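These notes concern the structure reproduced below.
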Number of protein chains: 2
Amino acid sequence: MALTITRTQYPKTKPQDYSKGFGNILTDHMFLMDYTEAEGWHDPRILPFGALALTPATMCFHYGQEIFEGMKAYRTEDGRLLLFRPMDHMRRLNHSCERICIPQVCEEELLDYLKELLKTDLDWIQDSNVDSIYIRPMIIATEPVFGARPAKDYTCMAMLTPGRPHIPKGPKPVRIYVEKEQARAVRGGTGTAKCAGNYASTFAAQAKAKAQGYTQVLWLDGAERRYVEEMGQMNIFFVIKGELITPDLSGTILDGITRRSLLAIAKDLGYQTVERRISIQEIMTAHADGTLQEAFGCGTGACIAPVGELTYGECHMNIGNGSIGTVTFTLFERLTQIQRGLVPDPYGWTMEV
Amino acid sequence: MALTITRTQYPKTKPQDYSKGFGNILTDHMFLMDYTEAEGWHDPRILPFGALALTPATMCFHYGQEIFEGMKAYRTEDGRLLLFRPMDHMRRLNHSCERICIPQVCEEELLDYLKELLKTDLDWIQDSNVDSIYIRPMIIATEPVFGARPAKDYTCMAMLTPGRPHIPKGPKPVRIYVEKEQARAVRGGTGTAKCAGNYASTFAAQAKAKAQGYTQVLWLDGAERRYVEEMGQMNIFFVIKGELITPDLSGTILDGITRRSLLAIAKDLGYQTVERRISIQEIMTAHADGTLQEAFGCGTGACIAPVGELTYGECHMNIGNGSIGTVTFTLFERLTQIQRGLVPDPYGWTMEV
């Protein structure tokens, strides 16, 4: 489909400080595309960033048919712009659509439109204070009458926000609180999809953790509260006796693209990796006998978040003496170097815009 | 807070046929009220029904902080307008808010505003083709920047739609499909809240059921897929050996106001009632030995939906020979008569507008 581009006549003044810009600072343009039953997906367009007019009867407000993706493009030292595994993100976007009955998009076309959006706002990524840009495609149900059924009309949107600043030495470890009461997902639920409802449901536990000085929550499985699932909105890894362990894709956790990338990199660097169920009891035992060496969360936004403390009830597990672990840092460095084009990409993960 | 009312200059032409109006036909006005951290809830106002201007970065599109209520007002034969248990709905609205970290509203004030909205659109409820009106209050996160945390800004909205036509003989039985794969809720999740994400997650199973000729899905518990929870967006009751059984409020199902009302009415009519876990196996056994007499769903929208067939895998259970059961009809008639002011209300459930 032919993309139309309407450029803003009033470009924003770029900020000096991007450190708190993630999700707050948005570039000058947005992408929109509509779906109706009669026309399917149609009218792809880039417009000046602005508002949609939606009445309170709009379906997404009531029944939560809303999905999103988060992917990044990195500026290389020689000025190229590299998308990281964009087709994996497009596929996951369609997986999220399928789970909550949103009509799927053409993955190749949507990616083309997103590249055009990046080109339209290229001056933002060329700012010397910015070295990556986060791309947020999303789809919401826009049928203007409510009823508890899949909507007939949708709008796909995308916007750009400067990525979090890169920290070459790796981020500092965070304190994590293991949530025993509330649950994020259960088998047969929506845990594998990036749908809006999965996030609001986590805020109460997150607020409780923050009030106690923790950065995030570690989620256990919904059925038994025994097996580790996700950390906040990230996948989680543990290093026990030199082995890299992450929960398997059992149907309740997100099939993270950073998770998948780190597993591949780790194997190629010679680490033993395993995807399997791992209980909080096993982690406590490993901590007690001194074999729990490292733990970290991972995701597109922050890349890697080392875990410095894990608290389960009265059990406070300190991990790694307050600094990022060797395995964690090795994986972090290797992945970020590939993403930023500092080393060759043997996997074909990066795509130049 | 002082409510401001701006009346439309262009009232809509009222339709002749309201039969498919639920959620489609909306009255002339809407209620709005905003929340900011600095001001709390403020600026309650009634406006001509219309659109909000929201950018794609608006928080509710991403993380699903969206809750709603559904309550009804009934027109009596002598022309009065009776709200049914409105304070129970206000309390549940605040319960939903609490679960996903939306700031609570003042229940009495919101109810006052909703009454004013009803008065503003009184000509709609006075239409001889309409005998009830459905009130949909809702709250969405409107902070215009995204981040996976509770929003700082919200908008409370309310709109009115004509209620489904009353059927004095009771509605016809529906065919129900027991979902074995997907799950609606799990202990520690959001099953007790009317939050948007709870609905989108059910659409795939609902679509599968509809494709096979069923009206709705019966949900089993998320942890074991053994115990009955809800039917579509309704609570469920069974009549077995003369006893009225409904799943207890175990933390995964909605504390339905129709459910609660029917339990009270049934007790006063001399029926044995019990709220307890009930497995799908127990229902199959009762059907096999001939003691499963009736089954029905209940909720504000449809009041009661008798179950004529329940299918679990290869087991097709026919219930009640295609007509509404005696207990079901007795409860339906008594409840609707109280709601419509046809008999005295000994419970104090109705409130005149």
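Values quoted throughout were computed directly from the atomic coordinates according to the rules given, and no laboratory measurement underlies them. Keep in mind it's a predicted model, so treat the numbers as computed, not measured. Cβ placement follows ideal geometry from the backbone for every residue including glycine, while neighbour counts extend to all protein chains displayed.
Brief remarks on what is shown
- Taking the square roots of 5 times each eigenvalue of the Cα gyration tensor of chain B, largest first, gives ellipsoid semi-axes of 34, 25, 18 Å.
- B:Ser323, A:Ser128 arranged by Cβ crowding within 10 Å, fewest neighbours leading: A:Ser128, B:Ser323
- Other-chain or far-sequence residues with amide H under 5 Å of B:Thr55's (modelled H): A:Leu52
- With θ taken as phi - 60° and the Karplus curve 6.51 cos²θ - 1.76 cosθ + 1.60 applied, the whole-hertz 3J(HN,Hα) list for region B:36-41 is 10, 4, 6, 9, x, 6 Hz, x standing for glycine and proline.
- By the compact-protein rule of thumb, 2.2 N^0.38 Å, the alpha-carbon radius of gyration of region A:188-227 corresponds to a ratio of 1.28.
- Restricting the GluC sites (Glu not before Pro) of region A:292-353 to loop positions (DSSP other than H, G, I, E, B) with no more than 14 neighbouring Cβ atoms within 10 Å leaves A:Glu314.
- Over all Cα atoms in region B:174-339, the spread is summed up by Rg and Dmax: 14.7, 40 Å.
- Geometric extent, Cα atoms of region B:244-307 - Rg, Dmax (angstrom): 12.3, 33
- Reachable lysines, given that their alpha-carbon falls under 28 Å from the alpha-carbon of A:Lys241 and they are not under 8 places away in the same chain: A:Lys169, A:Lys172, A:Lys180, A:Lys267
- The sum of -39500 (n - 2.57) across all DSSP H runs of n ≥ 4, divided by the residue count of chain B, sets its helix-only mean residue ellipticity at 222 nm to -7000 deg cm²/dmol.
- Residue-wise HN-Hα coupling along region B:241-246, computed from phi with Karplus coefficients 6.51, -1.76, 1.60 (Hz; x: Gly, Pro): 6, x, 9, 8, 10, 9
- Relative contact order of chain B: 19 percent, from C-alpha pairs under 8 Å at least 6 residues apart in sequence.
- Cα centroid separation - region A:280-328 against region B:270-303, whole Å: 48 Å
- Overall size of region A:4-162 from C-alpha positions, given as principal axis extents largest first: 50, 31, 29 Å.
- Mean-position separation - Cα centroids, region A:215-247 and region B:145-187, in angstrom: 32 Å
- ³J(HN,Hα), Karplus 6.51/-1.76/1.60, whole Hz, each residue of region A:254-264, x for Gly, Pro: 6, 7, x, 6, 5, 3, 4, 5, 5, 4, 5
- Here the Kirkwood formula puts the hydrodynamic radius of the protein assembly as shown at 27.0 Å, using every distinct Cα pair.
- Sorting A:Asp345, A:Asp268, B:Asp28, B:Asp78 from the fewest to the most surrounding beta carbons within 10 angstrom yields B:Asp78, A:Asp268, A:Asp345, B:Asp28.
- Alpha-carbon centroids, region A:73-142 and region B:19-77: separation in whole Å: 32 Å
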